[in-house]
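Working notes, structure below.
The values are calculated or read from the model by the stated rules, or taken from the named source; none is laboratory data. What you are looking at is a predicted structure, and each value in this text was computed from that prediction instead of being measured. Heads up, the Cβs are rebuilt from the backbone with ideal geometry, glycines too, and the neighbour counts pull from every protein chain shown. Side chains are part of the model used for accessible areas, which takes the heavy atoms of the whole protein and leaves out ligands, DNA and RNA. Shrake-Rupley method; radii C 1.70, N 1.55, O 1.52, S 1.80 Å.
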Amino acid sequence: MQAILTVTVPFFALILIGYLAARRGLLPLAAVPGLNAFVLYFALPCMLLRFGARLPVAELLDPVVLGLYLACALAVVALTIVLTRRAAGNLRDAAFGALVAAFPNTGFMGVPLLVALLGPAAAGPVITTVLLDLFVTSSLCIAIAQLHHDDPAASHAGDAAAARAAVLRSLRAALSNPLPWSIGLGALMSVTGLTLPGPVDRVIAMLADAASPVALFTIGAVLWRSGLDAQGQPAPPMSPRRYLPVALIKLVVHPALVWGGGRLAQQAGLGLSDFQLMVLTLAAALPSASNVSLLAERYRADNGRVARIILASTVLAFGSFALVAWGFGVGAAGR
């Protein structure tokens, strides 16, 4: 456990530092979008490009890893909507609660954390989960959210068309995200053996090295900002029953489903290694992705509830993630 905490404590400490900096006003809230842009468009794509260029394409597109993670994500979405729709209040908010329960913070947090814990070989399965969550899980939950009617008397005739339109908008948004493109470019470099000129490679390496600390600091700042109302004041209290169960689904049910499904896949002889199963389970045990709060705001969902789920999962994950890693013997096995 001490070896695990040696790696995980600095990651969560940087999130806390970002949170406190924003709360104390040392980091102006107006600067948070700039930090987000730096991470999303510069630092993180460079980090994923470097990992992708070093990995065999087969590791990024392993059908068993893809199938297992996708099946568990869909199960989490369905389970969360069924269990929390009443507490959420409506289908739109239930769908975004399901998204925040099924979408771990693999981009900003998971890739660097799991690589630090398990070594570079962990990057392949984690990057696979990033692609699935960007293109499938997000699109599905946004489409379900669009089935909600603010007017109970409204016609449902256009539900299917609205859902299709929502899926297309979500896919276009995913394609405009630089992360899939950087992963694809890295995979192309891996297949062709292409290398970048020395100065270009050095610039990319410097940006990649900045990805982890800046992303974690930004997560903390985003968590503080997402808990404010439209006037910039702390949002009013909310009953834990509205958000805590979803945070527990994220941190307990999601990794348990992945581990259980993976064990069944291994018993069926589907070629899933113990290492791949460990990486996928630890990825599922990560806290919720902070960018879901932005999606909830865009689609007029209850962003206050989503923000509290993300904050609760991030705080609780400090202990729960370490316990899952310890259960796999990460500290004893080393990297």
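Any idea of the accessible area per residue across the chain, 1.4 Å probe, to the nearest Å²?
Working: 14690 Å² over 335 residues.
Heavy-atom accessible area per residue stands at 44 Å².
What shape does segment 162-278 have by the C-alpha gyration tensor, where a ≥ b ≥ c are the square roots of the eigenvalues, rounded means a/c under 1.5, and otherwise prolate means a/b greater than b/c and oblate the rest?
Oblate is the answer for segment 162-278, as a/c is 1.5 or above yet b/c matches or exceeds a/b.
Calculate what fraction, in whole %, of the accessible area of the chain sits on carbon and sulfur atoms when a 1.4 Å probe is rolled over the protein chains.
On the way: 10020 of 14690 Å².
That fraction is 68 percent.
How much accessible area does residue 302 have with a 1.4 Å probe, in Å² rounded to the nearest 10?
Result for residue 302: roughly 40 Å² accessible.
Let me check I've understood the local charge: for residue 243, count other residues with C-beta under 10 angstrom from its C-beta, Lys and Arg +1, Asp and Glu -1. What total comes out?
On the way: positive: 241, 242, 305, 308; negative: 302.
After counting each charged neighbour, the total is +3.
In whole Hz, with x marking every Gly and Pro, tabulate ³J(HN,Hα) for segment 102-107 from phi via Karplus 6.51 cos²θ - 1.76 cosθ + 1.60, θ = phi - 60°.
9, 10, x, 7, 6, x
What is the distance in Å between the Cα centroid of segment 218-260 and that of segment 87-120?
Centre-to-centre (Cα) distance: 10 Å.
Between segment 1-57 and segment 277-335, what is the separation of their alpha carbon centroids in Å?
14 Å
With a cut-off of at most 12 other beta carbons within 10 Å, and DSSP calling the residue loop, which trypsin sites (Lys or Arg not before Pro) in segment 23-65 qualify? Please list them.
24
Using just the Cα positions, wrap segment 10-130 in a convex hull and report its mean projected area in square nanometres, one decimal place. If you can, show how the numbers build up before the last one.
Numbers: hull surface 38.4 nm².
Projected over every direction and averaged, the Cα hull of segment 10-130 covers 9.6 nm².
So if each residue of separation counts as 0.36 nm, and I subtract the Cα-Cα distance between residue 75 and residue 228, what length gain in nm does that give?
Stretched out fully, the residue 75 to residue 228 stretch lengthens by 51.9 nm.
Under the classification rounded if a/c is under 1.5, otherwise prolate if a/b is larger than b/c and oblate if not, where does the chain fall, given a ≥ b ≥ c as square roots of the Cα gyration tensor eigenvalues?
Rounded, because the longest to shortest axis ratio a/c is under 1.5.
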